[in-house]
Structures are given as structure tokens and as C-alpha cells.
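Can you keep this structure in mind? I'll have questions shortly.
The values are calculated or read from the model by the stated rules, or taken from the named source; none is laboratory data. Since this is a predicted model, take the numbers as computed values, not measurements. Don't worry about glycine lacking a Cβ; one is built from the backbone with ideal geometry, like all the others, and counts go over all protein chains shown.
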Amino acid sequence: MKQYTITGTKTFTYYKTVHADDITEAHLLAHEDVEDEEDDWTCHFDDDYDEPTKDNGLMVVTHIEDEGEI
């Protein structure tokens with residue numbers, strides 16, 4: 001058995017829908033400003049389903065360090 005130290009951060013997950021011919025164009029469109037706010041980035045957080053946190057965010061693992069055998 002090994003011991004691991006896991007680093008995480010609490011964050012929001014944002015979504016944006018774009019219409020594009022390919023993934024490259026979709027990536028570029030994701031970073032462009034939009035005229036209609038309904039087409040911009042949105043954050044979907046469901047208080048009844050998602051884990052409530054100080055920032056109403058979710059835990060995201062950013063790093064796992066293998067500390068070897070225990």
C-alpha cells in the first residue's frame with residue numbers, strides 16, 4: 001500500500017455553447033465576447049445536488065503526489 005497526498009481547489013464550473021465548423025473554431029469562439037449575455041459563459045450550481053462550499057464551488061483535484069510505500 002502507498003501513501004498519497006492530494007491537493008485540491010474549490011472552484012466553479014462554467015459552460016458556454018458555441019456553433020462552429022470544427023474544434024479549433026469552437027475554441028476560438030469560446031474566448032470571444034458576445035453581444036447577448038445569454039450566449040456568454042454560465043455557471044450551473046444546484047444547491048440540492050452539488051456539495052455546498054464556502055464559495056458554492058466544487059472540489060477539483062489539481063495534483064496527486066506519490067509518497068511511496070507505507
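Can you find a residue that is touching an Asp or Glu at 6+ places or on another chain (Cβ under 7 Å), of a type outside the set (Ser, Thr, Tyr), surrounded by 10 or more Cβ atoms within 10 Å (Cβ to Cβ) and at pLDDT below 65 anywhere in the stretch 34-57?
No: the stretch 34-57 contains no residue that is touching an Asp or Glu at 6+ places or on another chain (Cβ under 7 Å), of a type outside the set (Ser, Thr, Tyr), surrounded by 10 or more Cβ atoms within 10 Å (Cβ to Cβ) and at pLDDT below 65.
So, one more: Is it the case that some residue within the stretch 4-25 is over 25 Å from residue 63 (Cβ atoms), surrounded by 10 or more Cβ atoms within 10 Å (Cβ to Cβ), without any contact (Cβ under 8 Å) to a residue 24 or more places away in the chain and out of contact with any helix residue (DSSP H, G or I) (no Cβ under 8 Å at 6 or more places or on another chain)?
Yes: one or more hits.
Report the residue count in the stretch 26-40 for those that are more than 30 Å from residue 63 (Cβ to Cβ) and not in a loop (DSSP other than H, G, I, E, B).
Number of matching residues: 4.
Can you run down the residue pairs with Cβ atoms below 6 Å, 6 or more apart or on separate chains, where the first is in the stretch 29-44 and not β-branched (Val, Ile, Thr) and the partner is not in a loop (DSSP other than H, G, I, E, B)?
Going by the 6 Å Cβ cut-off, the qualifying pairs are 41/14; 43/14.
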